[in-house]
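Peer 1: Take a look at the following structure, please.
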Amino acid sequence: EEVISKISAGEVIESPADCVKELVENALDASSSRIDVEMLKGGKRYICVRDNGTGIHREDVHKVVQRWTTSKIKDMSDLMSISSYGFRGEALYAISTVSKMIIKSRFFQDEIGIKMEVEGGKVINKQEIGMPVGTCVEVYDLFYNLPVRLKFLKKEDTERNKIIKLIKEYALSNWNVHFTLHSNGRKVLDLYPCEDKKERIEALFGCKFEEKSIEKNSINISLYTSLESSRGEIYLFVNSRPVHNKNLLEYIRKVVGYKKICVCYIDLPPYMVDVNVHPKKREVRIYKENIIKEMIKELFRRQEWYPFE
Ligand code: ADP
Ligand code: MG
């Protein structure tokens, strides 16, 4: 119960992108090696996330749309060292209450899958189906029962671009996973599994990157900058999560320059990050942020000393 009150953070779904984020994170948490995402009308009409992960046990399928049902956290101490993306057990519940949802899943030890239809949070049908191992969640007509929120959704294009950016972010932090993204039936992304980050980054942006890295006191930073100039873009990952930390982003921009694409991965001991600051877990607080800044500065200082390294 203590766990529940600590992690309950109200509703988390405000847009189709929020929805895709939660579904993709669930797919990643299920150790999928392939994730296929489809959307119609920027996700407002339809979202589908299909994975080849572990699947959901047939006895548990109905539970996943119940509030605070998570298979990922056992007690309070776990909160400090979360390695999975999800831990609140709230996302599928929240999505299911504001959409028409079809969940299909086949557990890796089962011969057959389960299909469950949920409308506005109510299970309206459940049956066995043949399907490959893994999970497929389809979300129709997000906010169909919440006209006000529906009205405040952004234009189709805006919502679509948010989702494309989101998939890029997860592809950059999960380079061994095959991601595809289709929008209105057209292929937008098809990213094959890669051996390392650099390969994924270069495949995604279509140009060459330079790598710099530094390690100190169990803090590991790798920073990739595009060799060609372009309109500046920056991606930041802390312990494999795409994060927004305005302060740090601004700092990296200043050091790297404003005309490069920059992808920065920071790995640090879990106790140094607070992912629970914001319910969407995008805004993270890092203790000893100054140490990180120092290290980033050093990466570039080194380059000045050894220009031909
Ligand atoms: P959380 O991810 O915080 O645990 P969710 O509401 O996102 O909560 O999901 C609830 C539960 O449903 C998960 O803990 C997991 O057991 C199961 N689940 C959801 N999506 C998948 C998936 N794609 N593959 C396997 N299990 C899943
Ligand atoms: Mg989740």
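The values are calculated or read from the model by the stated rules, or taken from the named source; none is laboratory data. No experiment lies behind these values; they were computed from the predicted model shown. Every residue, glycine among them, receives a Cβ derived from its backbone with ideal geometry; neighbour counts consider all protein chains shown. Ligands, DNA and RNA are excluded from the accessible area calculation, which covers all protein heavy atoms including side chains. Shrake-Rupley method; radii C 1.70, N 1.55, O 1.52, S 1.80 Å.
Peer 1: When you scan the range 165-196, how many residues do you find that are surrounded by fewer than 18 Cβ atoms within 10 Å (Cβ to Cβ) and in a helix (DSSP H, G or I)?
Peer 2: 1
Peer 1: Taking only pairs six or more apart or across chains, which ones have beta-carbon atoms under 6 Å, a first residue in the range 286-297 that is not assigned by TED's automatic domain parsing to the domain that holds residue 215, and a second residue that is in a helix (DSSP H, G or I) and among the aromatic types (Phe, Trp, Tyr)?
Peer 2: none
Peer 1: Still on this structure: For the range 226-267, give me each residue that is open to solvent by 10 Å² or more (accessible area, probe 1.4 Å), of a type in the set (S, T, N, Q) and farther than 15 Å from residue 284 by Cβ.
Peer 2: Selection gives 229, 230.
Peer 1: Here is a further query. Looking at the range 174-211 only, could you name the residues that are in contact with a Lys or Arg (Cβ under 8 Å, 6 or more places away or on another chain) and either modelled with pLDDT under 95 or of a type in the set (D, E, K, R) (or both)?
Peer 2: 202, 211
Peer 1: Here is a further query. Please work out which residue is modelled with the highest pLDDT, limiting yourself to the range 44-71 and to residues that are in a loop (DSSP other than H, G, I, E, B) and open to solvent by 70 Å² or more (accessible area, probe 1.4 Å).
Peer 2: As a first pass, look at the range 44-71 and keep what is in a loop (DSSP other than H, G, I, E, B): 44-45, 52-60, 66-71.
From what is left, the residues that are open to solvent by 70 Å² or more (accessible area, probe 1.4 Å) are 45, 58-59, 66-68, 71.
Details: 45: 97, 58: 91, 59: 90, 66: 82, 67: 77, 68: 70, 71: 71.
Top of the filtered list is 45.
Peer 1: Does residue 216 satisfy the criteria of being open to solvent by 10 Å² or more (accessible area, probe 1.4 Å) and either within 16 Å of the chain's Cα centre (by Cα) or at pLDDT 95 or above (or both)?
Peer 2: Considered against the rule, which asks whether it is open to solvent by 10 Å² or more (accessible area, probe 1.4 Å) and either within 16 Å of the chain's Cα centre (by Cα) or at pLDDT 95 or above (or both), residue 216 comes out as no.
Peer 1: It is to be established whether one or more residues within the range 11-27 are of a type in the set (A, V, I, L, M, F, W, C) and at pLDDT below 95.
Peer 2: Initially, the range 11-27 is screened for residues of a type in the set (A, V, I, L, M, F, W, C), giving 12-13, 17, 19-20, 23-24, 27.
If we keep only those that are at pLDDT below 95 as well, we get 12-13.
Yes; the residues of the range 11-27 include at least one that is of a type in the set (A, V, I, L, M, F, W, C) and at pLDDT below 95.
Peer 1: Which of the residues belonging to the range 113-155 are assigned to a loop (DSSP other than H, G, I, E, B), in contact with a strand residue (DSSP E or B) (Cβ under 6 Å, 6 or more places away or on another chain) and more than 16 Å from ligand 1 (Cβ to nearest atom)? Explain how you work it out, then say what you get.
Peer 2: Restricting attention to the range 113-155, the residues satisfying the condition of being assigned to a loop (DSSP other than H, G, I, E, B) are 120-121, 130-133, 141-146, 152-155.
Then drop every residue that is not in contact with a strand residue (DSSP E or B) (Cβ under 6 Å, 6 or more places away or on another chain), which leaves 131, 133, 141.
The answer is 141, and nothing else.
Peer 1: Could you count how many residues in the range 79-118 are within 16 Å of ligand 2 (Cβ to nearest atom) and modelled with pLDDT under 80?
Peer 2: Summing the residues that are within 16 Å of ligand 2 (Cβ to nearest atom) and modelled with pLDDT under 80 in the range 79-118 gives 9.
Peer 1: Among the numbered criteria (1) open to solvent by 20 Å² or more (accessible area, probe 1.4 Å); (2) in a helix (DSSP H, G or I); (3) touching a Leu at 6+ places or on another chain (Cβ under 7 Å), which one does residue 199 miss?
Peer 2: All conditions are met except number (3).
Peer 1: Identify the single condition in (1) more than 23 Å from residue 32 (Cβ to Cβ); (2) more than 19 Å from the chain's Cα centre (by Cα); (3) of a type in the set (Lys, Arg) that residue 246 does not satisfy, given that it satisfies every other one.
Peer 2: (2)
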